[in-house]
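The values are calculated or read from the model by the stated rules, or taken from the named source; none is laboratory data. Predicted model, so just to flag it, every value in this text is computed and none were measured. Reconstructed Cβ throughout: ideal geometry from the backbone, glycine too, with neighbour counts over all protein chains shown. Each accessible area value is taken on the protein alone, full model and side chains, heavy atoms only, with ligands, DNA and RNA left out. Shrake-Rupley method; radii C 1.70, N 1.55, O 1.52, S 1.80 Å.
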Amino acid sequence: KKKFLAAIRDSMPVRRAGSNIRYTSYDLDRSLEYRVGRDRLFAPVIDDERFVRRVHLDLVGHPPSAKEVRDFIADETKSKRPRLIDRLLTTDAYARKWARYWKNVIFFEATANRNRTNPQALEDWLTEQFKKGTAWDAIVAELVSAMPVRNKEKKKEKNDWSQKTGQNNFVLAYENKPPLLAAQTARLFMGISIQCAECHDHPFDKWKREQFHELAAFFSRGKYYMPNLDTPSKKTEMQPKFLLGEKPPIKLTTHQRRVAIAAYLVYNQENYWFARSFVNRIWSELVGDGFYAIDSLGPDQECLHPSVVNRIAAVFRYRKFDPRWVFRLLMNSRAYQREIQTIAKDEDLFTAVRPVRLNSDQVKASVLRLTGADRNIARTVEREFRHDPSIPQRDLEGTIQQALFLMNNTTLQNKLNASKLKKQLLTVKQPRGLLTQLSLAVLARRPTDSEFARGLKHLRQVPNRSEAVEDLLWVLVNSTEFLTKR
């Protein structure tokens with residue numbers, strides 16, 4: 001299977017013709033700023049302190065240590081930002097962070113019984129792929145073409161569908177059912193919402209009901225039938241046919257159909273949705289807004305600045321679908337490095353970075369680095385701060401439960417009060433040094449002048465130094481900044 005897919009990839013003329021095309025972050029910024037409009041007020045680029053925290057959270061899922069912040073600020077070379085990005089992209093933490101992201105994307109809408117799936121095996125497999133630098137097309141082809149077969153003899157071992165084989169779990173997450181797999185393949189890997197076409201022609205797009213079921217036929221284990229809407233007992237046999245019109249020239253086996261849909265999905269040079277979907281997802285995660293709403297693009301849906309996202313997607317394809325190239329391009333751009341600002345109008349998108357809430361994994365990493373390992377705290381954070389990775393940032397809101405956890409959770413407060421950080425702070429005699437260490441540890445930056453003034457005042461007013469430090473630590477952990485990128 002891998003050799004067959006690789007042969008298809010290498011034969012694509014668009015890959016050979018574009019292998020030497022160059023597209024830089026400077027090219028991206030120049031094109032984007034022209035499209036947005038030079039008369040717009042663009043936010044300035046962030047300073048080193050904010051940059052080092054933002055990049056760590058985005059690439060490896062946790063804030064930098066105080067030493068990493070100090071070292072980065074002290075580095076006076078002009079190339080330090082690109083070098084930091086390059087270094088983090090080679091770490092195991094990068095591979096794990098983005099493997100976990102895609103696992104969450106796949107499993108958030110999963111319908112299968114969890115005893116028949118293994119999300120951790122999927123995450124581990126994806127981690128290995130990102131560590132090795134496996135191309136995105138190869139990763140997706142493996143997921144879509146997987147065909148786990150039930151082994152009844154392994155039922156007692158709870159691995160009867162070979163769910164411990166990581167790449168099987170995209171198919172298993174949706175119960176190996178053709179309609180679900182058709183809808184989720186289009187949603188996750190093309191950014192197209194076609195699920196409602198299962199029962200009727202799409203009300204807002206050109207997708208027809210027949211197209212949905214022709215796509216689903218690729219995932220069938222035998223003949224595939226579309227039920228009649230008026231008389232469900234009447235069914236029409238459907239032949240596999242991709243959304244762009246491609247269909248196998250010969251009759252294929254079940255496994256061959258899975259390989260065929262993978263090939264049509266990732267290697268058809270007319271299928272610009274595949275590359276653009278990945279670019280749009282990563283852009284949305286890094287900047288807070290996408291060129292279009294994730295998972296909702298169709299031929300008749302609006303895309304903001306299509307020439308820009310299409311250009312990035314095309315070069316992504318030319319660069320052999322290397323995910324790290326996308327991260328380098330975006331994170332070295334001014335578009336990514338701009339200050340955080342609230343964006344109310346679509347016309348102002350990409351003039352700044354939208355305020356971005358940290359996901360549950362980032363919050364967990366931020367909390368546990370202060371408290372030390374604690375299973376109960378970790379589970380609570382995962383439960384309270386979990387959200388659908390496909391929901392736009394503009395639609396995400398904090399909850400009362402999240403606020404109460406940080407403010408009142410007894411286990412959390414006890415852990416913070418007994419933490420190594422607090423013990424270290426109590427040994428610092430100079431108040432300004434104490435406040436600096438505290439802010440670097442919690443927020444990965446030095447205090448501002450006003451924060452110094454308030455902190456010094458509090459230390460003077462509270463005679464019990466332990467209680468004063470406890471108060472200051474509580475304030476920073478409960479700040480909006482602790483839960484957001486900046």
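Residues in segment 250-268 that are assigned to a loop (DSSP other than H, G, I, E, B) and closer than 15 Å to F189 by Cα: how many?
Filtering segment 250-268 down to residues assigned to a loop (DSSP other than H, G, I, E, B) leaves 250-253, 268.
In the following step, the residues that additionally are closer than 15 Å to F189 by Cα were identified as 268.
The total comes to 1.
Name every residue in segment 119-138 that is touching a helix residue (DSSP H, G or I) at 6+ places or on another chain (Cβ under 6 Å) and open to solvent by less than 50 Å² (accessible area, probe 1.4 Å), in order of residue number.
P119, A121, L122, E123, W125, L126, T127, Q129, F130, W136, D137
Return yes or no: is T380 of a type in the set (S, T, Y), outside any helix (DSSP H, G or I), open to solvent by 10 Å² or more (accessible area, probe 1.4 Å) and more than 22 Å from R81 (Cβ to Cβ)? Working first, answer last.
On the way: of a type in the set (S, T, Y): yes; outside any helix (DSSP H, G or I): no; open to solvent by 10 Å² or more (accessible area, probe 1.4 Å): yes; more than 22 Å from R81 (Cβ to Cβ): yes.
For T380, the condition - of a type in the set (S, T, Y), outside any helix (DSSP H, G or I), open to solvent by 10 Å² or more (accessible area, probe 1.4 Å) and more than 22 Å from R81 (Cβ to Cβ) - is not met.
Sort out which residues of segment 383-424 are within 19 Å of E467 (Cβ to Cβ) and surrounded by fewer than 17 Cβ atoms within 10 Å (Cβ to Cβ), and write them in order of number.
Selection gives M407, N408, T410, N414, N417, A418, K420, K423, Q424.
Looking at A66, A110, which one is of a type in the set (A, V, I, L, M) and more than 20 Å from S360 (Cα to Cα)? Step through it out loud before you land on a result.
Numbers: A110 fails: more than 20 Å from S360 (Cα to Cα).
It is A66.
List the number of the failed condition for V428; all other conditions in (1) of a type in the set (V, I, T); (2) buried (at least 18 other Cβ atoms within 10 Å of the Cβ); (3) touching a helix residue (DSSP H, G or I) at 6+ places or on another chain (Cβ under 6 Å) hold.
That leaves (2) as the condition not met.
For segment 170-192, name all the residues that are under 26 Å from F291 (Cβ atoms), part of a helix (DSSP H, G or I) and hydrophobic (A, V, I, L, M, F, W, C).
Applying the first criterion (under 26 Å from F291 (Cβ atoms)) to segment 170-192 yields 170, 182-192.
Checking which are part of a helix (DSSP H, G or I) leaves us with 170, 182-190.
Selection gives F170, A182, A183, A186, L188, F189, M190.
List pairs: first residue in segment 261-288 and of a type in the set (D, E), second residue open to solvent by 10 Å² or more (accessible area, probe 1.4 Å) and at pLDDT below 95 anywhere in the structure, Cβ distance under 7 angstrom, at least six positions apart or on different chains.
Close Cβ pairs (under 7 Å, with a partner that is open to solvent by 10 Å² or more (accessible area, probe 1.4 Å) and at pLDDT below 95) amount to E270/L244.
Out of segment 471-483, which residues are surrounded by fewer than 18 Cβ atoms within 10 Å (Cβ to Cβ) and part of a helix (DSSP H, G or I)? Steps first, please.
Step one: filter segment 471-483 for residues surrounded by fewer than 18 Cβ atoms within 10 Å (Cβ to Cβ), giving 471, 474-475, 478-481.
Listed by number, the residues that qualify are D471, W474, V475, T480, E481.
Looking at E470, E397, can you tell me which residue is out of contact with any Ser or Thr (no Cβ under 8 Å at 6 or more places or on another chain), under 23 Å from S360 (Cα atoms) and of a type in the set (D, E, K, R)?
Numbers: E470 fails: under 23 Å from S360 (Cα atoms).
Answer to the check: E397.
Among the residues of segment 104-118, is there at least one that is assigned to a helix (DSSP H, G or I), modelled with pLDDT of 95 or more and basic (K, R)?
Pass one, segment 104-118, residues assigned to a helix (DSSP H, G or I): 104-108, 114-116.
Remaining after also requiring modelled with pLDDT of 95 or more: 104-107.
Subset that is basic (K, R): none.
No, there is no match, as no residue in segment 104-118 is assigned to a helix (DSSP H, G or I), modelled with pLDDT of 95 or more and basic (K, R).
Is it the case that E109 is open to solvent by less than 70 Å² (accessible area, probe 1.4 Å) and either touching a residue at least 12 places away in the same chain (Cβ under 8 Å) or over 18 Å from the mean Cα position of the chain (by Cα) (or both)?
Numbers: open to solvent by less than 70 Å² (accessible area, probe 1.4 Å): no; either touching a residue at least 12 places away in the same chain (Cβ under 8 Å) or over 18 Å from the mean Cα position of the chain (by Cα) (or both): yes.
No.
For segment 1-93, please list each of the helices (runs of 4 or more DSSP H) lying entirely inside it that holds at least 1 residues being at pLDDT below 90. Steps first, answer last, please.
Numbers: elements: 2-11, 13-17, 25-36, 48-60, 66-74, 80-89.
Output list reads 2-11, 13-17.
How about segment 431-449: which of its residues are open to solvent by 60 Å² or more (accessible area, probe 1.4 Å) and either hydrophobic (A, V, I, L, M, F, W, C) or part of a helix (DSSP H, G or I) (or both)?
Selection gives R432, Q437, D449.
Run A141 past the list (1) part of a loop (DSSP other than H, G, I, E, B); (2) open to solvent by less than 10 Å² (accessible area, probe 1.4 Å); (3) among the small types (G, A, S) and report the number of the one that doesn't hold.
(1)
Being over 16 Å from the mean Cα position of the chain (by Cα), within 30 Å of L421 (Cβ to Cβ) and open to solvent by less than 60 Å² (accessible area, probe 1.4 Å) narrows it down to one of V69, V55, V36, so name that one. Outline the logic, then answer.
Numbers: V55 fails: over 16 Å from the mean Cα position of the chain (by Cα); V36 fails: within 30 Å of L421 (Cβ to Cβ).
Just a single option satisfies the conditions, and that option is V69.
Search segment 136-155 for residues that are within 16 Å of E175 (Cα to Cα) and pair each with any residue that is crowded, with 17+ Cβ neighbours inside 10 Å and among the aromatic types (F, W, Y) when their beta-carbon atoms are under 6 Å apart and the residues are at least 6 apart or on different chains.
Hits for this filter: L143/F170; P148/W161; R150/W161.
In segment 352-373, which residues are assigned to a loop (DSSP other than H, G, I, E, B) and surrounded by fewer than 17 Cβ atoms within 10 Å (Cβ to Cβ)?
Within segment 352-373, G372, A373 qualify.
Within segment 239-259, how many residues turn out to be surrounded by fewer than 20 Cβ atoms within 10 Å (Cβ to Cβ) and aliphatic (A, V, I, L, M)?
Number of matching residues: 3.
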